[in-house]
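Every number in this text was worked out from the coordinates using simple rules, so none of it is lab data. Since we're looking at a predicted model, the values are computed, not measured. Here the Cβ positions follow ideal geometry from the backbone for every residue, glycine too, while neighbour counts run over all protein chains shown.
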Amino acid sequence: MHKTLILWDIDGTILHSGGAGMHSLQLALKEVFGSDASIADIDFAGRTDPWIIGQVFARAGIDDSPGNRGRYIDGYIGLLPSVLRLKQASVLPGLRPLLDAAAAHPHVAQGLLTGNLRRGAETKLGYHGLWHHFAVGAFADDSAVRDELGPHALRRARAHWAHDFPVERVWIVGDTPHDIACARAVGARVLAVATGGSSVADLAAHAPDAVLRDLSDPAPFWAALGA
């Protein structure tokens, strides 16, 4: 019986995409709307795709309608695989064996909790052959507010594994203060990792349950989770 649920962030935690997401959004802005407005100053870290799209449209003066969002998302997803190749996107050190170990662990289940839209998450993880690790997840399709994603992930995990994961055995793993806040919003525990844009000190200031410089060594990760 699974006892511990690990919910993974993607960008900066599992993958380093070299800015592929931002670059794809910039290219799609030109391709779909003919706009050269710069989105370079938008702080993407820990944000949800719908929130980011709202910022992009505001800068470009584009009507934030459902139709425009749909067209823009289609353009973005269509460009993403080629841009991932262009930017030499990579899996962060230690993550492949760590995800494999979690999948094989008899007392661990793992899913996603990410600000990516589901199609974006599948494209990014599928590019690296990692999508199969995640039977469940919460995505930006569920809410543009990251702190509202936790209940969706828990509901799906409990239904999929027919197991009532208590929140004290749910761990969110992420690389930004937004991940820490998201875990606290649902009562989960959180392991912060300084493989994105935040340092160990920056993350520690937000009082996660554990903070690691990276996940290249699995021993501190498993020790923190107690799994």
For 148, 168, ascending order of other Cβ atoms within 10 Å (fewest first) is 168, 148
From the backbone phi of segment 151-168, what are the Karplus-calculated ³J(HN,Hα) couplings (6.51 cos²θ - 1.76 cosθ + 1.60, θ = phi - 60°) in whole Hz, Gly and Pro given as x? x, 5, 5, 5, 4, 5, 5, 5, 6, 5, 9, 6, 9, 8, 4, x, 4, 6
Approximate spin-label separation residue 163-residue 118, in nm, with each point projected 7 Å along Cα-to-Cβ: 2.3 nm
All other residues with a Cβ under 15 Å from the Cβ of residue 96 taken together, and with Lys, Arg as +1 and Asp, Glu as -1, what is their net charge? -2
For helix 177-186, what angle does its Cα long axis make with the longest principal axis of the chain, in degrees from 0 to 90 and rounded to 10? 60 degrees
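For the chain, what is the mean residue ellipticity at 222 nm derived from helices alone (per DSSP H run of n ≥ 4: -39500 (n - 2.57); sum divided by total residues; nearest 500 deg cm²/dmol)?
Values: 9 runs with 102 residues, N = 227.
Taking each H run of at least 4 residues, the total per residue is -13500 deg cm²/dmol.
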Can you tell me the 0 to 90 degree angle between the C-alpha axis of helix 118-127 and the longest principal axis of the chain, rounded to 10? 80 degrees
Under the rule of at least 5 residues apart or a separate chain, name every residue whose amide H is placed under 5 Å from the amide H of residue 198. none
Using the Cα centre of segment 150-227 as the reference point, and only Cβ charges (+1 on K/R, -1 on D/E), how large is the resulting charge dipole? Debye, rounded to the nearest 20. 340 debye
Would you mind ranking 3, 124 by Cβ crowding within 10 Å, fewest neighbours first? 3, 124
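Please give the charge dipole size of the chain, origin at the Cα centre, charges +1 on K and R Cβ atoms and -1 on D and E Cβ atoms. Round to the nearest 20 debye.
Details: 20 positive and 24 negative charges, 91 e Å.
It works out to roughly 440 debye.
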Shape of segment 142-227 from its Cα gyration tensor (a ≥ b ≥ c, root eigenvalues): rounded if a/c is under 1.5, otherwise prolate when a/b > b/c, or oblate? oblate
How far, in degrees from 0 to 90, does helix 20-33 lean away from the longest principal axis of the Cα atoms of the chain, to the nearest 10? 30 degrees
Between residue 41 and residue 59, what is the label-to-label distance in nm when each label sits 7 Å out along the Cα-to-Cβ direction? 0.9 nm
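Name the shape class, rounded, prolate or oblate, that the alpha-carbon gyration tensor gives for segment 20-86, where a ≥ b ≥ c are the square roots of its eigenvalues, rounded holds for a/c under 1.5, and otherwise prolate holds if a/b is larger than b/c and oblate otherwise.
rounded
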Please report, in cubic angstrom per residue, the volume enclosed by the convex hull of the alpha-carbon atoms of the chain. 110 Å³
So what's the gap between the Cα centers of segment 84-119 and segment 178-219, to the nearest angstrom? 16 Å
For residue 30, which lysines qualify as cross-link partners when the Cα separation must be under 20 Å and same-chain residues fewer than eight apart are set aside? 87
